[in-house]
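Report on the following structure.
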Amino acid sequence: MARKILLGDGISARIFAFYNPEYLRIAPANTAQVDSAAFLPSLLIHKSAHVDNFFSDIGLGQPSPLVLPIGWVEREMFNLGNPGREMRKRIIQRKLNDLEKPPSLFASNDDEADDLLCQAEAELLTYDLPVERLLARLAEELLERHAGSIQARVTTITDTEVVTEDDQRFEYSHLVSTIPAPVFWSTYEGRHAEQKTFHSFPLYVRRMKRHLWGSFDYPTLPERGICYFPETKYPFDRVLVVPELQRDDYVLEGPAAFDGATEVKAARIIRNYGNIAPPRVMFLGRYAQWNPDVVTSDVVKHSSQKYLADDIWSDQKAFNRRFVNYTPDAQYVQSVVKNYVLHMLSEVNSLLNTINWKIDADAPIKMEREKILEEWIDVFKFWLSIGHMFGFDVGDFERMYWDKSERVKEKYKNV
């Protein structure tokens, strides 16, 4: 019997399992990144409404917000604020440790150096809550409400089942993978298997008492914050100063080994745009998606929105009721649909005009990710409204999508 399966035991898997207890979780014990005490100080959870709700759902109440200013050290001086473009490039170069950064499909604000920093902001808003306490609470909740878990390593993934190291076989209807993308693709043997290249490099972390910091004659840091060190004379490239969470410790991070540091393998990654999940598989989390922009708050948002499609469906339909009636009058329905189709065509044209498609254009168009996204959503809203007029619901959409997909695959099975 096919069932829903969740691969992995990191924080992404545990959060997803909390909101989706019907999934069978499969992973070897004590091998997740969060099982490493060395890594935990580097895990800062970005504050968001979804995380606020998550803490309430899990019984932790509302931890106090914690503001961590961001800055950098240059010529022995600490500079507070969002680093400028050139400084961000230097910080990224230091983080990459001589690896070449692939170009982004859409650089934000013409700046290619933002995606490995803390959102390139002047401060990071997190919580006055130790990660260890969150993990302990999650463990308690999963024991009470989760359907089950199997402590075993997956050795084979096909398009229909997963096989564990002890030769247990589990057929799946839907698979959520939180394991690192290179591990997934080295295990996957389905129709969509292909060779992929994933760039990563280790993170070296150590704690240092504040009084020892001073004995090294390092520059004075603020009482609280995230400080970057672009100069190579320092063995580390970032220092976290969070007394609420680490008391009198500084947390030092670097791209190469230095005295007293513990290695966290493949902790820093470079995004792979070709990491596309096979059908009936969803990648969840920074390492599964192989995207450094993904943070824990994104995982919480995705995991908790089990009924997101239904919410979008009902929101648009409720809005449209201000202007149209949902009646079985065929003539009326066709009239409204005609208008929606014409409006959608207009929006498709607006979307077309966000890219460089004219052969004889006077000047190239600057592609803007947010503008393209907005025009695409405009098309989607009219497309969805057409379905509403015919009375289609989420179930109709899902059924026909998968039915049509199977027919198309059958048509092109030899391609």
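The figures follow:
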{"item": "Some residue of segment 114-122 being in contact with a Leu (Cβ under 7 Å, 6 or more places away or on another chain), modelled with pLDDT under 80 and under 30 Å from ILE58 (Cα atoms)", "result": "yes"}
{"item": "Hits in segment 231-241 (condition: among the aliphatic types (A, V, I, L, M) and surrounded by fewer than 21 Cβ atoms within 10 Å (Cβ to Cβ))", "result": "VAL241"}
{"item": "Residue in segment 154-167 that is at positive phi, loosely packed, with under 15 Cβ neighbours inside 10 Å and out of contact with any strand residue (DSSP E or B) (no Cβ under 7 Å at 6 or more places or on another chain) present", "result": "yes"}
{"item": "Qualifying positions in segment 392-412 - in contact with a helix residue (DSSP H, G or I) (Cβ under 9 Å, 6 or more places away or on another chain) and surrounded by fewer than 13 Cβ atoms within 10 Å (Cβ to Cβ)", "result": "ASP396, GLU398"}
{"item": "Enumeration of residues in segment 217-251 that are more than 22 Å from VAL264 (Cβ to Cβ) and in a loop (DSSP other than H, G, I, E, B)", "result": "ASP217, TYR218, PRO219, THR220, LEU221, PRO222, GLU223, ARG224, GLU231, LYS233, ASP248"}
{"item": "So GLU370, is it loosely packed, with under 11 Cβ neighbours inside 10 Å, within 29 Å of the chain's Cα centre (by Cα) and within 30 Å of VAL281 (Cα to Cα)", "result": "yes"}
{"item": "Matching residues, segment 1-23, being assigned to a strand (DSSP E or B) and modelled with pLDDT under 95", "result": "ARG3, LYS4"}
{"item": "Residues of segment 49-81 classified as over 21 Å from PRO21 (Cα atoms) and surrounded by 13 or more Cβ atoms within 10 Å (Cβ to Cβ), total", "result": "12"}
{"item": "Checking GLY214 against (1) modelled with pLDDT under 90; (2) not in a helix (DSSP H, G or I), the condition it does not meet", "result": "(2)"}
{"item": "Segment 200-240: number of residues that are within 26 Å of the chain's Cα centre (by Cα) and of a type in the set (Val, Ile, Thr)", "result": "3"}
{"item": "Test result for GLY274, surrounded by fewer than 18 Cβ atoms within 10 Å (Cβ to Cβ), on the phi < 0 side of the Ramachandran plot, touching a residue at least 12 places away in the same chain (Cβ under 8 Å) and among the small types (Gly, Ala, Ser)", "result": "yes"}
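The values are calculated or read from the model by the stated rules, or taken from the named source; none is laboratory data. In this text, all values refer to a predicted model and were calculated from it rather than measured experimentally. Methodologically, a virtual Cβ is constructed for each residue, glycine included, from the backbone with ideal geometry; neighbour enumeration extends over all protein chains shown.
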